[in-house]
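This report refers to the structure that appears directly beneath it.
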Amino acid sequence: MAIRKLSSGKYEARVSYKENGQKHRKTKNFARLAEARLWESENKAKLGTGANLKQADQPFIDYYRHWIEIYKTDGVSAHTHDTYMLIADWVEKFFHDTSIGKITRDDFQQFVNGFGKSHGISYTQKLVRQIRAAVQDAVADNVIYKDFTFRVKITGKKPQETEEKYLDLDDYHKLLPYLIENAGPDHMSYAMLLFQLQTGTRFEEAAGMTWDCVDFNNHIVTINKQWVPREQKLGPTKGNGQADGKVTIAPPYATMLENFRQQMVNYFNDIGLDYDTINEKQLVFFSKLRKINTNSGVNSALADLCTKLGIKVVTSHAMRHTHASVLIQDGETLPYVQHRLRHKKLETTLNNYVHLVEKTNGESDRKAMSVLSEPFTKKNSKNS
């Protein structure tokens with residue numbers, strides 16, 4: 001390791017190291033001697049920890065994409081892999097070909113700050129979590145010697161208030177009768193929305209519902225898979241099956257589903273096709289066009305319907321939130337709502353619907369005070 005002054009007046013710092021038995025040299029020029037000494041000392045420290053200076057020179061985006069290929073391709077869902085690749089695009093957009101060894105905590109914080117200006121906090125947290133996993137592996141493999149994601153401050157747009165994600169009771173009582181009246185083979189989007197509203201399922205879970213998971217006699221649906229639109233196939237529920245569960249449905253709705261199935265059978269029979277053969281996956285919401293409606297398509301149909309009914313415009317996911325809010329406002333317990341939504345933790349249910357819990361607590365207070373006050377009222381009436 002050495003520093004020498006060049007004829008140009010600049011200072012050249014040089015470090016030498018061995019990799020796989022071969023000698024390598026790394027040099028860099030600086031305008032000031034102090035800068036050259038600092039660079040030299042930093043690289044000495046890196047070599048002292050076993051850092052691989054050659055690998056540290058590779059663009060971070062190259063390292064990150066290679067890491068995804070090795071660790072996040074096999075054994076993960078297509079959706080998870082797509083998320084990693086999308087984040088890789090953001091890494092490339094900000095860092096370009098910056099070497100992984102040159103990225104500082106300040107650099108990464110600026111990246112997170114910029115990302116947070118156009119994304120919510122929860123998605124920014126996911127971005128940091130996924131990048132941090134790769135960076136920590138780089139530290140473990142001596143590619144770099146410091147974790148530049150350490151103690152980064154998460155920034156992001158304020159999340160949408162839960163109140164904005166569901167329909168209030170007035171809007172619910174306008175939408176529900178319309179869906180009951182019009183959901184059917186000719187309006188498959190409405191049929192899917194009604195299913196979500198009755199069961200609290202996510203869109204992908206409704207799209208992936210199969211007839212063998214509908215128990216007409218006991219009025220139970222089993223949720224154990226979801227539709228993967230990119231691959232046009234069925235896959236595990238959220239969390240690799242952690243969102244599996246059974247949900248009871250109203251007897252009249254079970255009858256409606258049974259009639260709906262027969263209508264689909266009759267339609268395909270009329271055009272010379274066997275429903276069970278053409279619908280080989282036995283999908284409940286297999287349409288007349290022999291496909292599953294997309295989330296964007298259902299959202300578009302719902303937006304038009306909301307406008308028609310004069311109610312707040314929401315997305316299909318609002319059916320899940322509305323399902324929960326109706327139950328809570330009707331006095332159902334949080335553990336029961338947790339069961340229907342298949343949240344792993346009661347805390348998740350509470351955090352999502354705390355505003356409704358506080359509202360029902362106020363009503364419970366009034367009822368409790370009435371009960372607790374009754375003995376005093378009786379005593380006063382006796383004394384009068």
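Val128: within 16 Å of the chain's Cα centre (by Cα) and surrounded by 16 or more Cβ atoms within 10 Å (Cβ to Cβ), yes or no? Write out each step before concluding.
Details: within 16 Å of the chain's Cα centre (by Cα): yes; surrounded by 16 or more Cβ atoms within 10 Å (Cβ to Cβ): yes.
It is true that Val128 is within 16 Å of the chain's Cα centre (by Cα) and surrounded by 16 or more Cβ atoms within 10 Å (Cβ to Cβ).
Just one of the numbered conditions (1) among the small types (Gly, Ala, Ser); (2) in the same structural domain as Phe286 (by TED's automatic domain parsing); (3) assigned to a loop (DSSP other than H, G, I, E, B) is not true of Ser189; which one?
The failed condition is (3).
Yes/no per residue for (1) under 14 Å from Ile87 (Cβ atoms); (2) assigned by TED's automatic domain parsing to the domain that holds Asp89; (3) in contact (Cβ under 8 Å) with a residue 40 or more places away in the chain:
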position	(1), (2), (3)
Asp106	no, yes, no
Gln110	no, yes, no
Gly114	yes, yes, no
Ile121	no, yes, no
Gln125	yes, yes, no
Lys153	no, no, yes
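Would it be correct to say that Val139 is without any contact (Cβ under 8 Å) to a residue 12 or more places away in the chain, more than 18 Å from the chain's Cα centre (by Cα) and surrounded by 15 or more Cβ atoms within 10 Å (Cβ to Cβ)?
Taking the combined requirement at face value, the residue satisfies it.
Provide a single number: the residues in the stretch 304-324 that are of a type in the set (Gly, Ala, Ser) and assigned to a helix (DSSP H, G or I).
At the first step, the residues of the stretch 304-324 found to be of a type in the set (Gly, Ala, Ser) are 310, 316, 318, 324.
Now drop any that are not assigned to a helix (DSSP H, G or I), which leaves 318, 324.
Looking only at that region, the number is 2.
Can you name every residue in the stretch 256-300 that is under 30 Å from the mean Cα position of the chain (by Cα), charged (D, E, K, R) and within 16 Å of Val214 (Cα to Cα)?
So in the stretch 256-300, the residues under 30 Å from the mean Cα position of the chain (by Cα) come out as 257, 279-287, 289-300.
Next, from what is left, pick out any that are charged (D, E, K, R): 280-281, 290-291.
Within the stretch 256-300, Lys281 is the sole residue that qualifies.
Identify all residues within the stretch 206-244 that are of a type in the set (Ser, Thr, Tyr) and buried (at least 16 other Cβ atoms within 10 Å of the Cβ); write none if there are none.
Filtering the stretch 206-244 down to residues of a type in the set (Ser, Thr, Tyr) leaves 210, 222, 237.
Of everything in the stretch 206-244, those that are of a type in the set (Ser, Thr, Tyr) and buried (at least 16 other Cβ atoms within 10 Å of the Cβ) turn out to be Thr210, Thr237.
So, in the stretch 258-277, exactly how many residues are among the hydrophobic types (A, V, I, L, M, F, W, C) and in contact (Cβ under 8 Å) with a residue 60 or more places away in the chain?
Let us first name the residues in the stretch 258-277 that are among the hydrophobic types (A, V, I, L, M, F, W, C), namely 260, 264-265, 268, 271, 273.
Keeping just the survivors that are in contact (Cβ under 8 Å) with a residue 60 or more places away in the chain gives 260, 264.
Selection size over the stretch 258-277: 2.
Which members of the stretch 55-77 meet the condition of being surrounded by 14 or more Cβ atoms within 10 Å (Cβ to Cβ) and modelled with pLDDT under 90?
Restricting attention to the stretch 55-77, the residues satisfying the condition of being surrounded by 14 or more Cβ atoms within 10 Å (Cβ to Cβ) are 55-56, 58-61, 63-65, 67-68, 71-72, 76-77.
Gln55, Ala56, Val76, Ser77 - these are the residues of the stretch 55-77 that are surrounded by 14 or more Cβ atoms within 10 Å (Cβ to Cβ) and modelled with pLDDT under 90.
Which numbered condition in (1) among the aliphatic types (A, V, I, L, M); (2) modelled with pLDDT of 95 or more; (3) closer than 26 Å to Gly297 by Cβ; (4) more than 20 Å from the chain's Cα centre (by Cα) is the only one that Ala207 fails?
Tallying (1) among the aliphatic types (A, V, I, L, M); (2) modelled with pLDDT of 95 or more; (3) closer than 26 Å to Gly297 by Cβ; (4) more than 20 Å from the chain's Cα centre (by Cα), Ala207 fails exactly one: (4).
Inside the stretch 330-340, can you point out the residues that are in a loop (DSSP other than H, G, I, E, B) and either closer than 13 Å to Thr199 by Cβ or touching a helix residue (DSSP H, G or I) at 6+ places or on another chain (Cβ under 8 Å) (or both)?
Start the filter on the stretch 330-340 by keeping residues that are in a loop (DSSP other than H, G, I, E, B), which leaves 330-333.
Residue satisfying the conditions is Gly331 alone.
Could you pull out the residue among Asp89, Asp82, Asp137 that is at pLDDT below 90 and closer than 30 Å to Gly235 by Cα?
Working: Asp89 fails: at pLDDT below 90; Asp137 fails: at pLDDT below 90.
Only one candidate qualifies: Asp82.
Kindly indicate whether any position in the stretch 107-118 is touching a Gly at 6+ places or on another chain (Cβ under 6 Å) and part of a helix (DSSP H, G or I). Steps first, please.
Residues of the stretch 107-118 that are touching a Gly at 6+ places or on another chain (Cβ under 6 Å), as a first pass: 116.
Next cut, part of a helix (DSSP H, G or I) only: 116.
Checked against the condition, which is being touching a Gly at 6+ places or on another chain (Cβ under 6 Å) and part of a helix (DSSP H, G or I), the stretch 107-118 yields at least one hit.
A quick yes/no check of all residues on (1) among the aliphatic types (A, V, I, L, M); (2) outside the structural domain of Arg202 (by TED's automatic domain parsing); (3) modelled with pLDDT of 85 or more; (4) surrounded by 14 or more Cβ atoms within 10 Å (Cβ to Cβ):
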{"residue": "Asn293", "(1), (2), (3), (4)": "no, no, yes, yes"}
{"residue": "Val298", "(1), (2), (3), (4)": "yes, no, yes, yes"}
{"residue": "Ile311", "(1), (2), (3), (4)": "yes, no, yes, yes"}
{"residue": "His321", "(1), (2), (3), (4)": "no, no, yes, yes"}
{"residue": "Thr360", "(1), (2), (3), (4)": "no, yes, no, yes"}
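Looking at Val139, Val143, Val135, can you tell me which residue is within 30 Å of Pro59 (Cα to Cα) and not in a helix (DSSP H, G or I)?
On the way: Val139 fails: not in a helix (DSSP H, G or I); Val135 fails: not in a helix (DSSP H, G or I).
Unique residue meeting the criteria: Val143.
Looking at (1) buried (at least 16 other Cβ atoms within 10 Å of the Cβ); (2) free of Cβ contacts under 8 Å to residues at least 60 places away in the same chain; (3) not in a strand (DSSP E or B), which one does Leu197 not meet, given that it meets all the others?
Exception for Leu197: condition (2).
May I ask you to verify whether His343 is part of a loop (DSSP other than H, G, I, E, B) and crowded, with 19+ Cβ neighbours inside 10 Å?
On the way: part of a loop (DSSP other than H, G, I, E, B): yes; crowded, with 19+ Cβ neighbours inside 10 Å: yes.
It is true that His343 is part of a loop (DSSP other than H, G, I, E, B) and crowded, with 19+ Cβ neighbours inside 10 Å.
Here are Leu350, Leu273, Leu327, Leu289: which of them is buried (at least 17 other Cβ atoms within 10 Å of the Cβ), out of contact with any Ser or Thr (no Cβ under 8 Å at 6 or more places or on another chain) and either not in a loop (DSSP other than H, G, I, E, B) or not small (Gly, Ala, Ser) (or both)? Break it down into steps so the answer makes sense when it comes.
Working: Leu350 fails: buried (at least 17 other Cβ atoms within 10 Å of the Cβ); Leu273 fails: buried (at least 17 other Cβ atoms within 10 Å of the Cβ); Leu289 fails: buried (at least 17 other Cβ atoms within 10 Å of the Cβ).
Testing whether each residue is buried (at least 17 other Cβ atoms within 10 Å of the Cβ), out of contact with any Ser or Thr (no Cβ under 8 Å at 6 or more places or on another chain) and either not in a loop (DSSP other than H, G, I, E, B) or not small (Gly, Ala, Ser) (or both) leaves just Leu327.
Which of the residues that make up the stretch 208-229 are in a loop (DSSP other than H, G, I, E, B) and more than 17 Å from Ser287 (Cβ to Cβ)? Even if it seems obvious, please write down each step before you answer.
Within the stretch 208-229, the subset in a loop (DSSP other than H, G, I, E, B) is 208-209, 216-219, 224-225, 229.
Across the stretch 208-229, the qualifying residues are Phe216, Asn217, Asn218, His219, Asn224, Lys225.
The values are calculated or read from the model by the stated rules, or taken from the named source; none is laboratory data. Keep in mind that this is a model prediction, so the values were computed, not measured. Here Cβ is always computed from backbone atoms with ideal geometry, including for glycine, and neighbour counts include all displayed protein chains.
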